[in-house]
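Undergrad: Here you go, one structure.
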Amino acid sequence: QVQLVESGGGLVQPGGSLRLSCAASGSIFNIYAMDWYRQAPGKQRELVAAITITSIDSTNYADSVKGRFTISRDNAKNTVYLQMNSLKPEDTAVYYCKLAIQKDIFTTIQDYWGQGTQVTVSS
């Protein structure tokens, strides 16, 4: 089994910062991608940031967070982070991590989701 555990959400004032973490554990042979999504009330879930893991990692960001959010990873800990700076009220949402994981050499790559963590930006 593979489990993803998120942490780091909370309430922050506009202009503040938070760092989200998502740690994967269990049967993991390889991780191919690490993404952060968010879903605000009444809105569809959207991709915020992504890392494609190759010999040279590539990152992508939603236009709305470019220059403010940074995605990074710790390969040894199977953990992905989302550093969020200059937070705005419109960043308020439940944030989810999604990892593309191959459990062993006999299985295909599957997507696994974290449980979600609430981020609220308000004064």
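The values are calculated or read from the model by the stated rules, or taken from the named source; none is laboratory data. Values in this document were obtained by computation on a predicted structure and should not be read as measured data. Ideal geometry is used to build each Cβ from the backbone, glycine not excepted, and the neighbour counts take in all protein chains shown. Each accessible area value is taken on the protein alone, full model and side chains, heavy atoms only, with ligands, DNA and RNA left out. Shrake-Rupley method; radii C 1.70, N 1.55, O 1.52, S 1.80 Å.
Undergrad: Within segment 49-94, can you find the residues that are farther than 23 Å from Ser25 by Cα and of a type in the set (Val, Ile, Thr)?
TA: Once the filter is applied, which keeps residues that are farther than 23 Å from Ser25 by Cα and of a type in the set (Val, Ile, Thr), segment 49-94 yields Ile56, Val65, Thr92.
Undergrad: Follow-up. Would you pick out the residues in segment 8-49 that are under 16 Å from Tyr112 (Cβ atoms) and polar (S, T, N, Q)?
TA: Within segment 8-49, Ser21, Ser25, Ser27, Asn30 qualify.
Undergrad: While we're looking at this one, here's another question. Within segment 1-58, count every residue that is assigned to a loop (DSSP other than H, G, I, E, B) and touching an Asp or Glu at 6+ places or on another chain (Cβ under 6 Å).
TA: Here the count works out to 1.
Undergrad: Would you check if Thr70 is within 15 Å of the chain's Cα centre (by Cα) and closer than 13 Å to Gln118 by Cα?
TA: Working: within 15 Å of the chain's Cα centre (by Cα): yes; closer than 13 Å to Gln118 by Cα: no.
In short, no.
Undergrad: Considering only segment 86-115, how many residues are buried (at least 16 other Cβ atoms within 10 Å of the Cβ), over 13 Å from Val48 (Cα atoms) and either of a type outside the set (S, T, N, Q) or under 14 Å from the mean Cα position of the chain (by Cα) (or both)?
TA: 7
Undergrad: Any residue at all in segment 54-67 that's of a type in the set (A, V, I, L, M, F, W, C), farther than 23 Å from Thr120 by Cα and surrounded by 14 or more Cβ atoms within 10 Å (Cβ to Cβ)?
TA: no
Undergrad: Is there a residue in segment 37-44 that is within 27 Å of Asp104 (Cβ to Cβ), buried (at least 17 other Cβ atoms within 10 Å of the Cβ) and not β-branched (Val, Ile, Thr)?
TA: The answer is yes; a qualifying residue exists.
Undergrad: Filter segment 1-45 down to residues that are over 20 Å from Arg73 (Cα atoms) and either at pLDDT below 95 or not basic (Lys, Arg) (or both), then give me how many there are.
TA: 13
Undergrad: Scan segment 39-83 for residues that are touching a residue at least 24 places away in the same chain (Cβ under 8 Å) and either at positive phi or touching a Pro at 6+ places or on another chain (Cβ under 8 Å) (or both) and jot them down.
TA: Asn78 - this is the single residue of segment 39-83 that is touching a residue at least 24 places away in the same chain (Cβ under 8 Å) and either at positive phi or touching a Pro at 6+ places or on another chain (Cβ under 8 Å) (or both).
Undergrad: Can you report the number of residues in segment 8-24 which are open to solvent by less than 60 Å² (accessible area, probe 1.4 Å) and more than 14 Å from Lys98 (Cα to Cα)?
TA: Qualifying residue count for the region: 7.
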